[in-house]
Amino acid sequence: MSSEKGSTQESSRDSTKDVKEQAPEIRSVDEHSSSGGVDLAWKFLDQHREADANDVVDLAAMRRRIDFRIVPLMFLCYTLQFLDKVILNYANVMGLQTDLGMGGNDFSNVATFLFVGLLCFEIPNIWFLQAVPAAKWLGLNVILWGTATACGAAATNYQTLLVSRIFLGIFEATIAPSLMLISSQWYTKSESAPRFSFWYLGLGLGQILGGLVSFGFQHMSPDTRLAGWRTMFLTLGLVTVIVGSAVIIFLPDTPMQAKFLTDNEKVALLKHVSVNQTGVENRKFRGKEILEALMDPQVYLLLLAVVLLSVSSGVVTTYSATLIRGLGYDSKKAALMNTPSGVVSIFFTLLVGWGIRFQSHRWAWIIACIVPAVIGGALMSFLDSKQNPNGVLAGIYLVNAVVAPLAIFYNWTVANIAGPTKRAFAAAIISGSFSLGNIIGPQTFQDRDKPHYRPAKLAVMGTQAGCALVTFTLFLYYVWQNKKRNNRADKENEDAFMSPEVWARMTDKENKGFRYSY
């Protein structure tokens, strides 16, 4: 795994090599096109052999420019996708069920079927991510899910609200796979981990903003034409449409199309990220890569780990405000009391982002976050909410530590799975497994179990312990796979960037020089 350390040394070493001097070593693209083709990044490099590489490129400075250009947009998208989902949580304590005549398990079903829509569209999303630039596809879907959120304000009964939330899930299906693929285009494996954590902070911010937004809209006059929760849906939907439009306009499809970079900078950047050996963009769909993914044990271990992790995420997303209100708070205070959950999410997300950047060991940081989540589940389950409401509240907050590992699993997916079709498929599968966990989570809350919902709280503990076990198994699998491959001293040598093998459409199984990160 490469590192960001010594960026100034990187700049002088990597950017002063003359592309023209290396040109004789470049083999023809046709040699690899016939055997499976090469990434579009290689074609760009091949067409820009005469780039003026004598100019020094400061990689650290260029990386900061890229950060300020693309990471804030990804951060806003992830904030809004969570906020547009979690406002249902707050609308529940703002009178939504009463206004729409909902009862029984109707609310749980609305929460569940959002993720059913999301899960069902993950597979078609694979084709779109191969056929359409990820940035454009992301922007279009942000606009569409913002529209679906706004349409929720017009719901008149359980059925119409259910339809709007299903469409919200369909359009949100692309968020995680798109952000995973976009992040991997611009950064090396070690650089991408903290960037994943940064845009993933949108989830914690969404939790905080959700409580504050709900608190604000609950102060609307009861005589207004639209109820507070309806106005909240409409406002956030319009904000989302604006952000989606900004993504289409300002987020480049690939580094090769970034107008804010010179050709020389693009060459230096592509050389820098070549150590990933996962490519940048390749539009050709290869069915055999899907078959390879279906036979790859790491895909199933990642899938199982994320499902187990996401059961608790479904609880947090849908029922945290309801659980807090059950401690004796009114609806306004319940909304405010849920904002510290976002602070806990942000703290652990920053912690693991920093930890992976400097210490690696993704598996250990995942387990380090699961431990406090299990403790939180125990506090929720075994303390009496009447005798010790503060202890139960602390448990609700601690469960949010489980939010951070999802960013690590996303980063693991694009770092350890190569091949354009296989990686798109794996990103969709892992994102879909998150949806599956969120389908299971709300269904652990059954009407017969209220007000304490003990089975749901116990499910949090059990699934987190299972996730820790699967994560450790995945770590052992990667160690075993790396030992099976012969060590290559030059496997992360950036000087090899002009070799078409680096950009060939090879999967991690086909490329024997590939090494798994853990």
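Since every read-out is calculated from the coordinates, none of them should be taken as a lab result. The model shown is predicted, which means the values in this text are computed figures rather than measured ones. Note: ideal-geometry Cβ built from the backbone for every residue, glycine included; neighbour counts use all protein chains shown.
Put in order of Cβ neighbour count within 10 Å, fewest first, the listed residues Trp354, Trp145, Trp480, Trp363 become Trp480, Trp354, Trp363, Trp145.
Ordering 154-162, 90-98 by mean Cβ neighbour count within 10 Å, with the highest value first, yields 90-98, 154-162. A simple spin-label model places the labels of Lys512 and Thr231 6.8 nm from each other, with each point 7 Å out along Cα-to-Cβ. Extending 7 Å from the Cα toward the beta-carbon at both Asn388 and Trp354 defines two label points whose distance is 3.0 nm. Taken one residue at a time, the phi angles of segment 66-83 give Karplus couplings (6.51, -1.76, 1.60, θ = phi - 60°) of 5, 4, 5, 8, 10, 5, x, 5, 5, 4, 5, 4, 6, 4, 6, 5, 6, 4 Hz. Gly and Pro are set to x. Between Asn157 and Val343, the contour length at 0.36 nm per residue exceeds the Cα-Cα span by 63.5 nm.
So if R0 is 45 Å, what FRET efficiency would Asp253 and Val371 give, r being the distance between their Cβ atoms, rounded to the nearest 0.05? Taking R0 as 45 Å, the efficiency between Asp253 and Val371 is 0.65. Maximal additional length on extending the Lys288-Lys483 stretch stands at 67.6 nm, based on 0.36 nm per residue less the C-alpha distance. For Tyr300 and Asn105, what does the FRET efficiency come to when R0 = 35 Å and r is the distance between their Cβ atoms, rounded to the nearest 0.05? The pair Tyr300/Asn105 has a calculated efficiency of 0.70. Summing Cβ point charges (Lys, Arg +1; Asp, Glu -1) relative to the Cα centre of segment 37-503 gives a dipole of roughly 600 debye.
Of the peptides 130-140, 293-303, the order by per-residue mean of other Cβ atoms within 10 Å, starting with the highest, comes out as 130-140, 293-303. With contacts taken as Cα pairs under 8 Å and at least 6 residues apart, segment 37-503 reaches a relative contact order of 27 percent. As a calculated quantity, the FRET efficiency between Arg454 and Ile242 at R0 = 41 Å, using C-beta atoms, amounts to about 0.45.
Remark: spin-label model distance Phe260-Cys120 equals 3.9 nm, labels positioned 7 Å along the Cα→Cβ axis.
One decimal place: the segment Ala131-Gln47 gains 28.0 nm when fully extended, by the rule 0.36 nm per residue minus the C-alpha distance.
For the residue pairs Lys85/Lys386; Lys422/Lys509; Lys333/Lys457, the C-alpha atoms sit more than 20 angstrom apart in Lys85/Lys386; Lys333/Lys457.
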